[in-house]
Protein chains: 2
Amino acid sequence: MDITQEPTDVRDLPYSVFAKACPSRGTLEHVTGRWGGLTLGALYEGSLRFNELRRRVDGVSEKMLSQTLHALERDGLVHREAQPTNPPRVDYELTALGREIAERLLGLIHFVEGRMDDVLAARERYDGTRGAL
Amino acid sequence: MDITQEPTDVRDLPYSVFAKACPSRGTLEHVTGRWGGLTLGALYEGSLRFNELRRRVDGVSEKMLSQTLHALERDGLVHREAQPTNPPRVDYELTALGREIAERLLGLIHFVEGRMDDVLAARERYDGTRGAL
């Protein structure tokens, strides 16, 4: 990219996901990564315990869910609440910021889900013109 | 997708990203994956040639960008237009559906970028309480 001129992007924000080194790119990945997005979406419906969350996010491994929650907690999007019970019980819930982000993410998710018939039709056309690779 | 019982999700949509086998999960990943999201975001500003796109999506390799465009084209979100020039020139642009999806994605991206001060403050607090791991 020409450094002397930035032709298209003239937004004033100090952060840009388009820049490789910008920390916003990492946060966007925590939010939209395979498991991060589903985790935020699941917690949007209410607080959940680890195993409840694991069942809701179909297919996630214990290790990946744990890493995902760790990253979201560190970014201030998920709050981890350890109850002083025996055995200890840990609940996860969205923070206010996590909730705002999850809202926008769910808007995107529901839109995609609602247009999957179009997507699948496009795939058929594409595979057809390529001789069904 | 468990066909016999889907305990928690009672939305009426036939597609759900929460189900492991649902094709909407794959499309969401094409849209929100590390490079897919940035590619859609970059093309939202107008059609671009491969190398222009590669410069805009800072850090992407030729191979990854090519795979990303392939998946987005197959899902009907990106249109690939080969101009009959010599040398041949290939433009990429969003389809109508790709545009609607990019709009929602950019809403999320700009929101995250706008709240990065909060995210970075949360990270500092988190690392502080954990003894700066």
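When the stretch A:45-80 is limited to residues that are among the basic types (K, R) and under 19 Å from A:L105 (Cβ atoms), the one that is farthest from the other protein chains (Cβ to nearest Cβ) turns out to be A:R56.
Within the stretch B:43-60, can one find any residue that is farther than 24 Å from A:R130 by Cα and among the hydroxyl-bearing types (S, T, Y)? Taking every residue of the stretch B:43-60 in turn, at least one turns out to be farther than 24 Å from A:R130 by Cα and among the hydroxyl-bearing types (S, T, Y). Annotation note: Cβ proximity below 9 Å between a residue of the stretch B:112-128 that is outside any helix (DSSP H, G or I) and a residue that is at pLDDT 95 or above and surrounded by fewer than 17 Cβ atoms within 10 Å (Cβ to Cβ) (sequence gap 6+ or interchain) occurs for B:R115/A:E100. Scanning the stretch B:41-52 for residues that are over 14 Å from the mean Cα position of the chain (by Cα) and outside any loop (DSSP other than H, G, I, E, B) yields a total of 5.
Within the stretch B:101-123, can you find the residues that are surrounded by 12 or more Cβ atoms within 10 Å (Cβ to Cβ), acidic (D, E) and more than 7 Å from chain A (Cβ to nearest Cβ)? B:E103, the sole residue that qualifies. Can you find even one residue in the stretch B:77-92 that is aliphatic (A, V, I, L, M), surrounded by 21 or more Cβ atoms within 10 Å (Cβ to Cβ) and part of a helix (DSSP H, G or I)? No: the stretch B:77-92 contains no residue that is aliphatic (A, V, I, L, M), surrounded by 21 or more Cβ atoms within 10 Å (Cβ to Cβ) and part of a helix (DSSP H, G or I). Checking each residue in the stretch A:10-33 for being within 15 Å of the chain's Cα centre (by Cα), surrounded by 19 or more Cβ atoms within 10 Å (Cβ to Cβ) and free of Cβ contacts under 8 Å to residues at least 24 places away in the same chain picks out A:V17, A:S24, A:R25, A:L28.
The values are calculated or read from the model by the stated rules, or taken from the named source; none is laboratory data. All of these numbers come straight from a predicted model, not from anything done at the bench. No Cβ is skipped: glycine too gets one built from the backbone with ideal geometry, and neighbour counts run over all protein chains shown.
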